[in-house]
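Right, one structure below, let's go through it.
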Amino acid sequence: MGMTQAGAGAGPGAGTAAGAGGAWQTMNLIRALSSGGHCWNATDFTFGIDRGGTFTDVYAEWKRTAENKDYAHTSSTVIKLLSEDPANYPDAPREGIRRVLAAVRGEVLDPELPVPSDHIAEIRMGTTVATNALLERKGERMALAVTKGFPDLLLIGNQARPNIFDLAVRRPELLYEQVVEVPERVRVVTAQEVARAESPAATVHPPPVVQEISGVTGETVQVLEELDEAALTASLQAVYDSGIRSLAVVCMHSYAFPDHEARVGELAKAIGFEHISLSSQLMPRTRIVPRGYTAAVDAYLSPVVDRYIQSFCAGFDSSLLTKVNVQFMQSDGGLAPVDAFSGVRAILSGPAGGVVGYAKTSYGNPALGEAPAPVIGYDMGGTSTDVSRFDNAFEFVYESETAGVTTQAPQLDITTVAAGGGSKLHFSNYMYQVGPESVGAHPGPVCYRKGGDLAVTDANLFLGRLDPAFFPAIFGESEAEPLDLAATTVAFETLANQINADLAREAEALGETPEVQSLDEVAAGFLAVANEAMCRPIRSITEAKGYATADHILSVFGGAGGQHACAIADSLDMASIFIHRHSGVLSAYGMALAPMVAEAQEPAAVRLADLAAADLAAKFDAVAVDPLAQLAQRGFEPEALTRETYLNLRFDGADTALMIRADSMEPAAFESAFLAQYKQEYGFVLEGRDILVDDIRVRAVGLSDAAKAVQAASQAKPMSAPGTAPGSPEATVHTYFASAGGRVTTPVYKLEKLADSRAKLAGPALIIDNNATIVVEPSWEATALDGGDLVLHKVQMSKAAAASAADAAASADVSPIELSIYANRFMSIAEQMGVTLQRTSISTNIKDRLDFSCALFGPDGGLVANAPHVPVHLGSMQEAVKYQISALGDTWREGDVVCSNHPAAGGSHLPDITVMTPVFVGGNEKPAFYVASRGHHADIGGITPGSMPPFSKSLAEEGAAIKSFKLVDGGKFQEDGITAVLSNVSAEAAAAGISGTRALADNLTDLKAQIAANHKGITLMQELIGKASLDKVTAAMDGIRAKAAMAVSDMLRGLALKHGADPSPGASPLVLTATDYMDDGAKIALALSIDAATGRAVFDFTGTSPQALGNTNAPRAITLSAVIYVLRSLVSEDIPLNQGCLEPVEVITPYGSLLEPLPDAAVVAGNVLVSQRVTDVLLQAFGAAACSQGDMNNFTFGDDAATSGVEPEFSYGYYETICGGAGAGPSWDGASGVHTHMTNTRITDPEILERRYPVLLKQFSLRPNSGGDGARRGGDGVVRVVKFLKKTSVSMLSERRAMPPRGVAGGSDGARGTNTLKRGRDDGLVNLGGKASFTCEVGDEIHIHTPGGGGFGPANE
């Protein structure tokens, strides 16, 4: 079909074949089109184009009429070009169109002249221009205009760091160059606040109001500060004068009150700004941070997109835009006319075309059976793989992250993993690893003959899954040589030698016999690891949402997908695979199938139950006016349009909203659909809660005649007759298949010949298409359909193969390759547990702040896999599990679930409740392993709301302490029992001001969510054991721990040698020391001894101060968490995070010290404050980094229905931790405004904070120059100012208010933090110190200035 064989995958996998072979392509295109002997008059061309980062794919379809004939045929072709090839053409999509027109019509079209548009009907394009500009930070120079007080809002974001183990805290580069603070302020009066007005004790008292206006949502908007146009104009003019012409505007609560943003836009336009992105126009939804990112992304990318469109159109004659329907694919799978295409809607432009392509060609395809089955789209390219799901409707997300930026815009739900044909292969820390680094298109894999590194493509080539004979000879410097199998072989020999040497050293250390890996085993091992990495996102979009992967069809596309399809399907128990004839260019083909779309969305704030059907229909009609008019202007008749109606719904009190589509205007239809989808995804519904409408959305859809024609021909016919024999192969190769026990003779067929005869063949086989290689593995069979589509079905294994597979599964032996795969599986299971917990929880702490962790544990309670959630939980959770194993002994029963939070039982502090479930396998009486989840509950009782009392002196004052309670006993949830535990306090305790939980309903819901998360982990682990055996899985757990232990030992040994330690056996160890102090003067002392010979270390905290009278005491589990966190951070590469990290170390904590207090000691600050100081001490000893802010800045406020006179439904409590400055290191400046070390929880969005609680957030910004000076500067802390609008109890629990964060190696200390109170009745400030508990009156403000990070090295270096 006129394109190169891209079997190695798009991007690097497809090679430079497509670009370097441009002439080769064009000749093949002409040959393919010139056969037939007739003179054709071709017209009405429709082009579907996917302009990717490396390649541009063009699908062309046209009508042709034979001379002297009055009927027309429809023909098509495809072509592939390099997206950037300036030596041959200025623009790849335009060049592809020119080549097709010239070849089909037999005309000479001069590349230097504009392309004629006379015979073109439609051009439909997807492009990665916007995505690449965002990834590479090559967008337009722009500025951000944001409400005064929030200049650094998008830098701080949600305050979480991307990688919890990256001490340098590498964050994506900011998009904007300058910030303009907009002098304006509004607040929204919510329905809850209106209801509060009925209760004097609950009434909210707003600050002085300039005016009140009815907002877009129907809620009252209070204007607190009018827009100061004169000051704003001066600021905008200064930005304009600096040369910036693009502006993003985001104001607080503009989703409900867009007037101020609109006026800012008018002023900016009058000054001369050329592009202005208003957040309220782009996505009028609550949450200013993602809405602000959305506006910034649009301002950053839209000018780039506009310039590209202008450049593209300039290469055609002047009638292009008047005669041709030019459209661009948006991220939501719909096409937009050229003048409505914007940067923020273009981020997934190319991948969206692929989703449309497989959805339209796979779902309901009669060749796949009578009943439609849901489909998984699997698009494997060169650097990454995209997966998605389709079940008779596109699945959308409305908030997503790309290149480190969170945006709010409707997008198809596409999950990307960094594994593709060009993913780099490496062996480190005794584990096989694939990616995430890519070898790129240049130099590419080793086989490209340009000095590249080993990649997945090389593994496929070496194992005989690619045949160089069917690739054009276009590689090497001359671009005339074939793929280099010899060089790939040499590279694998070198890597195999390294692997075997490392494994031999490991075996020697363990006293075992080393297992030698053959070249085939090494290459196959890397493919197995790559396949598992690609299975993880598929599981996350199916199993994590309650769908069984086995119920799906795998639709494969992308240049490299066919080589891995059978292996992926096998891993996921999928029995059918569909590969469309245009699979290698399916994104381009999808462009030709896609509809044109226009949509509109309006925010709402109403109960669904309050809407009548007529009211709802009227609202939809009003919202639909604009999108329907847009499509009508494009020539669509009303009867050709369809209207999709959506409501964004959530339960009252919950933040998780679901965009629900229903064709009926009856509110009951939306309610039913919402409850069904909620239960499908989360496993339950929240009984007795109102359903709220957050947004009303209408999507107008129009399908052009050209698209209808393409769609009609897109699907294959039913397989009415059995396939024929395939005939003689083109060649045979010796291909390695693990399931076959080695290399087997494998026939090679060309797809076009198989399609002509509707051939059916059994694996193993290679099928060669013009744009892909499909590997048919043993136990699979393939049937070629008319036109070239392929259907693959799983067949029964041969008896010998089945017996071999059963023996391998039953064996307790685990190879190094299998360990790498199991490490991925275990981590995937822990991550899916976390997804379940976040989805099913109700409290802000767990659902929004992500203050939770999920993990798997071995039969001894040792940590196996902990998803990277909250670092302070890393080592402590296993102590909780081990305690329960010891305490309960043989009394565990299947169906039991235990909860605990007591520090003497492995707890951290009382709000963190750990829920543990034993897992029984095969009728065994003892648990085979354990799963556990730990979450920070909103309230657990105690002397202050939020259960974070600054001045607690005993554990009882901090809330309910649970050593061991059977939350589920024999399968029955013990609601009455846990309610009593959480709620009941003695008369003596009550007299001392100690309360039971103030948030029982949230406690119960979150505990059920933790049980659900554990159940998810159990189900997935049992599936894993079902495929292998308990002995093998247990052996894998042990093996993975051993790998982690070896990696840590190697790191410690290397560190000791770097410091000049003697590596001789019995030599004196390296001793490193460090000391730091808490604000009350308590000392934390560390003597770290490292044996350079054995790689073992002793962390001795002898000399640490005795336990404190107050609550700055840390259970021993906290210190273990800090040690494991630091060790994992110092290992340079990724390793499994488990108990093995602690195996080479001994940790000594003196009993009765603040690092191992007595059982009844108060500990609430140990988890959040002492943990940070211990981490700083550890890093100082290693000389790895300066001290970070050393704090979590715990801020709690609320009221207590029992003491405040507020009705229970109006009672509230809020808790947050606040970011600060990170410490600098030897090669990095400390990050500013970020959470550090032992926490990584998110902060509540400012708009959500103000909507839920009676407060006004006046300022949230960086604290300039608070980072310590040095050769590398420490990061700055932040300023957070909160004004209270009703009488409220407030607590502050913080550190580094007296002792500054230390600089290291001559660097200066970071600035201390401060907490001050500004009373509403005067202008004076009151210093609160680090710890305070007090009552704020209406109008009072708390000013929190968090510490900066220390500097590293002298400032003059």
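Within region 187-198, the set of residues being touching an Asp or Glu at 6+ places or on another chain (Cβ under 8 Å) and either part of a loop (DSSP other than H, G, I, E, B) or at positive phi (or both) comprises Thr190 only.
Screening Gln327 against (1) open to solvent by less than 30 Å² (accessible area, probe 1.4 Å); (2) assigned to a loop (DSSP other than H, G, I, E, B) leaves a single unmet condition, (2).
Yes/no per residue for (1) open to solvent by less than 20 Å² (accessible area, probe 1.4 Å); (2) closer than 30 Å to Arg1053 by Cα; (3) not acidic (Asp, Glu):
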residue: His426; (1), (2), (3): no, yes, yes
residue: Tyr430; (1), (2), (3): yes, yes, yes
residue: Gln433; (1), (2), (3): no, yes, yes
residue: Gly464; (1), (2), (3): yes, no, yes
residue: Asp467; (1), (2), (3): no, no, no
residue: Ala473; (1), (2), (3): no, no, yes
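Would you say Ala550 is crowded, with 23+ Cβ neighbours inside 10 Å, in a helix (DSSP H, G or I) and modelled with pLDDT of 85 or more? No.
In region 42-63, the residues that are on the phi < 0 side of the Ramachandran plot and free of Cβ contacts under 8 Å to residues at least 24 places away in the same chain reach residues that are open to solvent by 20 Å² or more (accessible area, probe 1.4 Å) and of a type in the set (Ser, Thr, Tyr) with C-beta atoms within less than 6 angstrom, at least six apart or across chains, in these pairs: Lys63/Thr43; Lys63/Thr74. When region 655-668 is filtered for residues that are buried (at least 17 other Cβ atoms within 10 Å of the Cβ) and either among the small types (Gly, Ala, Ser) or touching a Gly at 6+ places or on another chain (Cβ under 7 Å) (or both), the ones remaining, listed by number, are Ala657, Ala662.
As for region 405-414, it holds no residue that is surrounded by fewer than 21 Cβ atoms within 10 Å (Cβ to Cβ) and modelled with pLDDT under 80.
Cβ-Cβ distances below 6 Å connect the following pairs, each with a first residue in region 893-908 that is among the hydrophobic types (A, V, I, L, M, F, W, C) and open to solvent by 10 Å² or more (accessible area, probe 1.4 Å), a second residue that is assigned to a loop (DSSP other than H, G, I, E, B) and modelled with pLDDT under 95, and a separation of six or more residues or different chains: Ala904/Pro1159.
Condition first: closer than 19 Å to Leu519 by Cα and of a type in the set (A, V, I, L, M). Can you find one or more residues in region 411-420 that meet it? For region 411-420, residues closer than 19 Å to Leu519 by Cα and of a type in the set (A, V, I, L, M): absent.
In region 385-396, the residues that are over 12 Å from Val417 (Cβ atoms) form Cβ pairs under 8 Å with partners that are surrounded by fewer than 19 Cβ atoms within 10 Å (Cβ to Cβ) and of a type in the set (Gly, Ala, Ser), at six or more places apart or across chains, as follows: Asn392/Gly364. Taken across region 375-390, residues that are in contact with a helix residue (DSSP H, G or I) (Cβ under 6 Å, 6 or more places away or on another chain), modelled with pLDDT under 90 and open to solvent by 40 Å² or more (accessible area, probe 1.4 Å) do occur, with at least one present.
Regarding region 1037-1058, can at least one residue be identified that is more than 27 Å from Gly942 (Cα to Cα), in a helix (DSSP H, G or I), free of Cβ contacts under 8 Å to residues at least 40 places away in the same chain and open to solvent by less than 60 Å² (accessible area, probe 1.4 Å)? Yes; the residues of region 1037-1058 include at least one that is more than 27 Å from Gly942 (Cα to Cα), in a helix (DSSP H, G or I), free of Cβ contacts under 8 Å to residues at least 40 places away in the same chain and open to solvent by less than 60 Å² (accessible area, probe 1.4 Å).
Quick one: would you say Val1170 is touching a residue at least 24 places away in the same chain (Cβ under 8 Å), under 26 Å from the mean Cα position of the chain (by Cα) and open to solvent by less than 20 Å² (accessible area, probe 1.4 Å)?
Values: touching a residue at least 24 places away in the same chain (Cβ under 8 Å): yes; under 26 Å from the mean Cα position of the chain (by Cα): no; open to solvent by less than 20 Å² (accessible area, probe 1.4 Å): yes.
The answer is no for Val1170.
Entry remark, region 1299-1324: residues being of a type in the set (Lys, Arg) and under 20 Å from Ala1186 (Cα atoms) number 2 in total. When Ser1188 is tested against (1) assigned to a helix (DSSP H, G or I); (2) modelled with pLDDT of 95 or more; (3) of a type outside the set (Val, Ile, Thr), exactly one condition is not met: (1). Considering (1) under 18 Å from Gln878 (Cα atoms); (2) within 26 Å of the chain's Cα centre (by Cα), the lone condition that Leu1020 does not fulfil carries the number (1). Among the strands (runs of 3 or more DSSP E) confined to region 1247-1347, the ones with at least 1 residues that are surrounded by 21 or more Cβ atoms within 10 Å (Cβ to Cβ) are located at 1255-1262, 1278-1284, 1288-1293, 1314-1318, 1331-1336, 1341-1345.
Output the number of residues of region 993-1033 satisfying the condition of being of a type in the set (S, T, N, Q), in a helix (DSSP H, G or I) and modelled with pLDDT under 90.
3
Checked against the criterion of being closer than 30 Å to Ile829 by Cα and surrounded by fewer than 22 Cβ atoms within 10 Å (Cβ to Cβ), the candidates Ser1089, Ser1121, Ser1132, Ser1068 yield just one match: Ser1132. Annotation: Ser1089 fulfils all but one of (1) modelled with pLDDT of 95 or more; (2) part of a loop (DSSP other than H, G, I, E, B); the unmet one is (2).
Looking at region 502-534, which of its residues are open to solvent by 60 Å² or more (accessible area, probe 1.4 Å), free of Cβ contacts under 8 Å to residues at least 40 places away in the same chain and assigned to a helix (DSSP H, G or I)? Lay out the reasoning, then the answer.
The first filter runs over region 502-534 and keeps only residues open to solvent by 60 Å² or more (accessible area, probe 1.4 Å), leaving 505, 508-516, 521.
Keeping just the survivors that are free of Cβ contacts under 8 Å to residues at least 40 places away in the same chain gives 505, 508, 511-514, 516.
Listed by number, the residues that qualify are Arg505, Glu508.
With the checklist (1) within 33 Å of the chain's Cα centre (by Cα); (2) under 21 Å from Ser664 (Cα atoms); (3) outside any strand (DSSP E or B) in hand, flag the one item Leu616 doesn't pass. Of the numbered conditions (1) within 33 Å of the chain's Cα centre (by Cα); (2) under 21 Å from Ser664 (Cα atoms); (3) outside any strand (DSSP E or B), the odd one out for Leu616 is (1). Between Met877, Met916, the distinction of being under 28 Å from Ser1029 (Cβ atoms), in a helix (DSSP H, G or I) and open to solvent by less than 10 Å² (accessible area, probe 1.4 Å) belongs to Met877 only.
Take Thr1094 and decide whether it is among the hydroxyl-bearing types (Ser, Thr, Tyr), surrounded by fewer than 18 Cβ atoms within 10 Å (Cβ to Cβ) and modelled with pLDDT under 95.
Values: among the hydroxyl-bearing types (Ser, Thr, Tyr): yes; surrounded by fewer than 18 Cβ atoms within 10 Å (Cβ to Cβ): yes; modelled with pLDDT under 95: yes.
It is true that Thr1094 is among the hydroxyl-bearing types (Ser, Thr, Tyr), surrounded by fewer than 18 Cβ atoms within 10 Å (Cβ to Cβ) and modelled with pLDDT under 95.
Restricting region 919-947 to residues that are within 16 Å of Leu1000 (Cβ to Cβ) and out of contact with any helix residue (DSSP H, G or I) (no Cβ under 8 Å at 6 or more places or on another chain), the residue that is most open to solvent (accessible area, probe 1.4 Å) is Pro945. Test Thr286 against the criterion of being within 30 Å of Phe394 (Cα to Cα), hydroxyl-bearing (Ser, Thr, Tyr) and open to solvent by less than 10 Å² (accessible area, probe 1.4 Å), and give yes or no. No, not satisfied. For region 337-362, the candidate set comprises residues that are outside any helix (DSSP H, G or I) and under 27 Å from the mean Cα position of the chain (by Cα); within that set, the residue that is surrounded by the fewest Cβ atoms within 10 Å (Cβ to Cβ) is Ser342. Taking the listed residues Val169, Val108, Val194, the one that is of a type in the set (Val, Ile, Thr) and closer than 23 Å to Glu225 by Cα is Val194, with no other qualifying.
Taking region 117-148 only, how many residues are at positive phi and crowded, with 20+ Cβ neighbours inside 10 Å? So that I can check it myself, show each step before the final result.
Here is the first cut: in region 117-148, the ones at positive phi are 137.
In the following step, the residues that additionally are crowded, with 20+ Cβ neighbours inside 10 Å were identified as none.
Final tally of qualifying residues: 0.
The values are calculated or read from the model by the stated rules, or taken from the named source; none is laboratory data. Small disclaimer: the values here were computed from a predicted structure and weren't measured. Methodologically, a virtual Cβ is constructed for each residue, glycine included, from the backbone with ideal geometry; neighbour enumeration extends over all protein chains shown. Please note that ligands, DNA and RNA were not included when accessible areas were found on the heavy atoms of the full protein model with its side chains. Shrake-Rupley method; radii C 1.70, N 1.55, O 1.52, S 1.80 Å.
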